[in-house]
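Peer 1: Just dropping this structure here.
Rule-based calculations on the coordinates, nothing more; no lab input. In this text the structure is predicted, and so the values were computed from the model without any measurement. Positions of Cβ are generated from backbone atoms using ideal geometry, with glycine treated the same way; all protein chains shown enter the neighbour counts.
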Amino acid sequence: MPIPPVLVAILRDHIEAFGTTAEGRMFSAVRGGPVRSQEYGAVWKGARKKALTPAQVASPLAAIPYDLRHACVSFWLRSGVSLAKTARRAGQSVAVLQRYYAKVLDGEEARMNALIEQGLAEHDGEAEGS
C-alpha cells in the first residue's frame, strides 16, 4: 500500500529505535512469534497502557484496533482523498464507504465548493492561455 513519505519516516524511526523480531515483524506475541487472534486483545490492552495517559486509557479512545482503522479512513476522507482511492486503500467498495463514512463528509460543502471554484479558475486560466 502506498503511504506518504512522512509515514515512511515515522516507521523507519520506530524500527531504528525498537527494531523488529528475527522474522522482521514489528510486533510479536508475549512468547515470541506472530500475535495470534486470541492474544490480540491482551496485546492491544497492554499497548494502550504504554502509549496513552491513564485518563486516555480509561476513555473509549482506541478501545479496539478497529478504532484506528476507522480514524484512518475518516482522516483520508477529511483530507480530500477521493472515495474511490479511499475505498481501494481500505479494501472495501465505494458503496460501503459511503454508507459508513458519509457522516465524515457532512458539513464539507464550503470546502467542496472552494475546490470546485479553484478547478473552474484553473480551467479558465488554461482556456485564456490557449
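Peer 1: Hey, which lysines would be in cross-link range of residue 103, C-alpha to C-alpha under 26 Å, not counting anything within fewer than 8 residues on its own chain?
Peer 2: 85
Peer 1: Only loop residues by DSSP count here, and only those with at most 15 other Cβ atoms within 10 Å; note down the trypsin sites (Lys or Arg not before Pro) in segment 22-130 that meet that.
Peer 2: 25, 31, 36
Peer 1: Suppose we flag GluC sites (Glu not before Pro) only when DSSP calls them loop and at most 15 other Cβ atoms lie within 10 Å. Which is the longest uninterrupted stretch of the chain?
Peer 2: Working: sites that count: 23, 39, 108.
Maximal segment without exposed cleavage sites: 40-107.
Peer 1: Follow-up. Using only helices, what value at 222 nm comes out for the chain when you add -39,500 (n - 2.57) per DSSP H run of length 4 or more and divide by the total residues, to the nearest 500 deg cm²/dmol?
Peer 2: Helix-only estimate at 222 nm: -20500 deg cm²/dmol.
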